[in-house]
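Undergrad: The structure's right below; bear with me while I get my questions together.
Read-outs: derived from the displayed coordinates by stated rules, not from any lab. Just so it is clear, the model here is predicted, and its values are computed rather than measured. Don't worry about glycine lacking a Cβ; one is built from the backbone with ideal geometry, like all the others, and counts go over all protein chains shown.
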Amino acid sequence: MLLTIRNLTKSFPGMRALDAVDFDLAAGEVHALLGENGAGKSTLIKCLTGAYRRDAGRIALEGAEITPHSTVEAQDLGIGTVYQEVNLLPNLTVAQNLMFGREPRRFGLIDGRAMRAEARAMLADYGIEIDVDRDLGSYSVAIRQIIAIARAVALSGKVLILDEPTASLDAREVGMVFEVVRRLRDRGLGIIFVSHFLDQVFDLCDRITVLRNGRRIVTERIADLDRVKLIEHMLGRALEDEVEHRATRVPRARPDLLHFEGVGRRGMVEPFDLTVGKGEVVGLAGLLGSGRTETAELMFGLHPAQGGQVRDADGPLALTSPRAAIAAGFGFAPEDRKTDGIVAELSIRENIALALQARRGWARPIPRTEQNRMADDYIRQLDIRTSGREKPIGELSGGNQQKAVLARWLAMNPRFLILDEPTRGIDVGAHAEILRLIRRLTAEGMSVLVVSSELDELIAVSDRVIVLRDRRHVAELQGTRISPETIMRAIAGEVA
Amino acid sequence: MKTRALPLYATIAIFIVAYAICWLQFPAMLSTRVVGNLLTDNAYLGIVAVGMTLVILSGGIDLSVGSVIAFSGMFIAVMLRDTGLHPLPVFLLLLALTSGFGAAMGWLIDRLAMPAFIVTLAGMFLARGAAYMLTIESVPIQHPFYKALQSAYWLMPGKGRLTLIGGLMVLVVLAGMVLAHKTRFGTSLYALGGGEQTARLMGVRQGRTTILVYALSGLLAGLAGIVFSVYTGSGYPLSAVGTELTAIAAVVIGGTLLSGGAGYVFGTLIGVLTMGLIQTYIVFDGSLSSWWTKIVIGLLLLLFILLQKGLLKLSQSRLAGGGT
């Protein structure tokens, strides 16, 4: 084995990110590392590249134990890393990037000609012929990614870690990068490949290791593993379990509220059509990186869509910005509550009043008594556990923060509410309450879009589930066809 | 053609066109005399602007240089008046002092992760204050060595005089070009300006590079101070007020990106000469107020910022268009 990891353990305050994980990498193989959010992939990689120190366990490279303290040290040991965001400098030339720190010199000065010749030779190894004297920034991401790989291999040369290298590439570019990766594998490098794109993993890799909640779930040869099984390992639930179903109830005929037609954006999600009914809950399912969150953000106008249109019964809506979306009666509770959702230092009252105040304009403040009434109202209705409405929201538990964020949007009385991972980081009791709340709101006629990585939650709450894979809407499930099995099959790419 | 060199070409083109206009109106302006005067009159600015270019390339800024020039003049004048030392050791002492001052600011910027703007702003007040501490009035320099420095020149063909300080400025520009484009230190400056995080990952020694570049800027500010004292023959604590901003303007007009990571030392020379040319034109004209210099410089700055913005848009849209 080229690289052997045994019992690797790493804890952070309040959580165990890696729990006695074993991992092997042979020379001349591409080994995929898979897992959902919080599985421990990035922690594992950071322990390898020296960004983190491990708490316990053993990492051995070619039989010798190593403990890198920095990326540079890991590199010198032979472990190179290429990230999704290319870690090269767009304002330097290709040659400067490739040869940085190792420039050939003559009389103490950089020998430009020798440097360019060497850079060209390096790239020729990968079958790439470009003008190495141009700025890196003038080349496509795929070329940059290959240059990053070339540099990492030249500096390290034993183990290459590819951390989502294809996340911003199109299909043809992915092919180019894979070509390079295969060459390196045939040259005897050990390659760790982290990606959310299952098709790519099956296309490129020899073995797969799945992590979940900091533990290694399985390591298997790709030939011996079927996709549904793999999804199961990643999402962590057996197909036999039955879940309480919202949609088993007879699907009601609903008037349409919104039509999204051909809405999409390059690099985020391919154009999709979606109709949302009044009082309907639409669930978005898919693996991390499949385009779930991107769909939600496009619908709220957080990023302008490229082409397509959105209509309601009265005609087209221009959702060019969140402001426009709010004016059209949309609400959005984002995935990362801590950074995007709450203003931690402000009180519950102020957080709830925030969006409504923004719509009224700052020149017309909401009277304090009105704010108080509103806050008390929602604290009671949503059962927000707090000592009072003036408590800073940052001091509440996750579930109660989430309820306050919901209250903010409910105060606006939206007709369409988008919830991205509404129950992330929330305890079980609050979890159920939030799902109940969603049902109650839709019973009152509000339409809701729920993005979630938890299948049970989606199944429990959705009237209809849209499944995404590799940034495309690949399936739409309704009524009794919504089940963990059908969703997993759709994610795995089998016809549901 | 490299897009990043476009601002440089634009600068050169503007300089040539401006010179051509001047020549059409006043044929006498096309002479080595005018060129010699351009170099002499702007020698201190050119020297300090080279240091500023390197600092800006690395993603920083140095607001202290104008005050350091004033301090240098005062330091030299007072030392020569009160100690009887020869100017040469005084120069060495001064350069060590200003380099150390720059290095200290670089150290603060790096170690405490403080914005260069604030640290060098503090440095600006400090150096100006120190200049006033020496004495508050203008002190003439009457050392015979200074007379020699002031009258040393090389007669160019066409009777133009390349003075010692003008020649020194050209040498500094050449040295700056070699440093920026031909050494690892220079590449490190571009790397830091392109992205600190990435530069560190690629192995740039950030602390060393930051301290060095501010020390270098301090050194050149001290050298500019010497040149300025030779040029004016005195030290005065109120001199060179706002020179740091003029230098920044020259750097930007010279095609260097104010946010760092892209630009050329040679462009800065052209930027300095362009500004000097406008001044000369106004002198030749005789009827224009010299404040027109400021107005034209303002317009040029605006033009270059717009040009760089446009180039950025252009390269982005070219990428989005699927170019490789």
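Undergrad: Quick check: from the Cα gyration tensor, does chain B come out rounded (a/c under 1.5), prolate or oblate? Mind dumping the intermediate values first?
TA: On the way: a/c = 1.94, a/b = 1.15, b/c = 1.69.
Here chain B falls in the oblate category.
Undergrad: Within straight cross-link reach of residue A:403, meaning Cα distance under 29 Å, which lysines are found once same-chain residues fewer than 8 apart are removed?
TA: A:278, A:338, A:391
Undergrad: Which net charge results for the neighbourhood of residue A:70, defined as the other residues with beta-carbon distances under 14 angstrom from its beta-carbon, given Lys and Arg at +1 and Asp and Glu at -1?
TA: Counting the neighbours of residue A:70, the net charge comes to +2.
Undergrad: Any idea what the dipole of the protein assembly as shown comes to, in debye rounded to 20, about its Cα centre with Lys/Arg Cβ at +1 and Asp/Glu Cβ at -1?
TA: So the dipole magnitude of the protein assembly as shown works out to roughly 1680 debye.
Undergrad: While we're here: Along the Cα-to-C-beta direction of residue A:124, a point sits 7 Å from the Cα; which residues of the range A:140-174 have their amide N less than 18 Å from that point?
TA: Once the point is set 7 Å along Cα→Cβ of residue A:124, A:147, A:150-151, A:154 turn out to lie under 18 Å by backbone N, inside the range A:140-174.
Undergrad: Could you give the DSSP H helices of chain B that reach 24 angstrom or more along their long axis (alpha carbon positions) and whose average Kyte-Doolittle hydropathy is no lower than 0.5?
TA: B:6-25, B:65-83, B:87-111, B:116-134, B:164-182, B:206-232, B:265-285, B:291-320
Undergrad: Continuing with this model, one more query. If one computes the Cα centroid of the range A:466-496 and of the range B:173-217, what distance in Å separates the two points?
TA: Cα centroid to Cα centroid, the span is 52 Å.
Undergrad: Per residue of A:127-137, what is the mean number of Cβ atoms on other protein chains within 10 angstrom of that residue's Cβ?
TA: Per residue, the average neighbour count from other chains is 2.
Undergrad: Using packing as a proxy for protection, rank A:274-282, A:86-94, B:14-22 so that the peptide with the highest average count of other Cβ atoms within 10 Å comes first. It would help to have the intermediate numbers written out before the result.
TA: On the way: A:274-282: 20.2, A:86-94: 23.7, B:14-22: 15.4.
Sorting A:274-282, A:86-94, B:14-22 by mean packing, highest first, produces A:86-94, A:274-282, B:14-22.
Undergrad: Oh, and also: Rounded, prolate or oblate, given the Cα gyration tensor of the protein assembly as shown, with a/c below 1.5 counting as rounded?
TA: Verdict is prolate for the protein assembly as shown.
Undergrad: Please list, or write none, the lysines whose alpha carbon is within less than 19 Å of the alpha carbon of residue A:41, excluding same-chain residues fewer than 8 places away.
TA: Cross-link targets: A:10.
Undergrad: If you don't mind, another one. Measure out, as a whole number of angstrom, how far apart the alpha-carbon centroids of the range A:42-79 and the range A:303-362 sit.
TA: Comparing the Cα centres of the range A:42-79 and the range A:303-362, I get a distance of 44 Å.
Undergrad: Out of residues 5 or more away from residue A:92 or on other chains, whose amide H comes under 5 Å of its own, with H placed 1.01 Å from N in the peptide plane?
TA: Residues meeting the amide H criterion: A:136, A:137.
Undergrad: With a sphere of radius 9 Å drawn around the Cβ of residue A:261, what net charge do the other residues whose Cβ falls strictly inside it have (Lys, Arg +1; Asp, Glu -1)?
TA: Charge balance near residue A:261 sits at 0.
Undergrad: Also, I was wondering about something else. Under 5 Å between amide hydrogens, which residues at least 5 positions from residue A:317 or on another chain qualify, with H placed 1.01 Å from N in the peptide plane?
TA: The answer is A:310, A:311, A:312.
Undergrad: When Lys and Arg each count +1 and Asp and Glu each count -1, what net charge do the other residues less than 15 Å away from residue B:33, Cβ to Cβ, add up to?
TA: +1
Undergrad: Which whole number gives the average count of other chain Cβ atoms within 10 Å of the Cβ atoms across peptide A:84-93?
TA: Counting Cβ atoms of other protein chains within 10 Å of each residue's Cβ and averaging gives 6.
Undergrad: So, one more: Charges on Cβ only, +1 for Lys and Arg, -1 for Asp and Glu, centred on the Cα centroid of the protein assembly as shown; of A:194, B:102, A:1, which one is farthest towards the dipole's positive end?
TA: Going by the Cα projections, it comes out as B:102.
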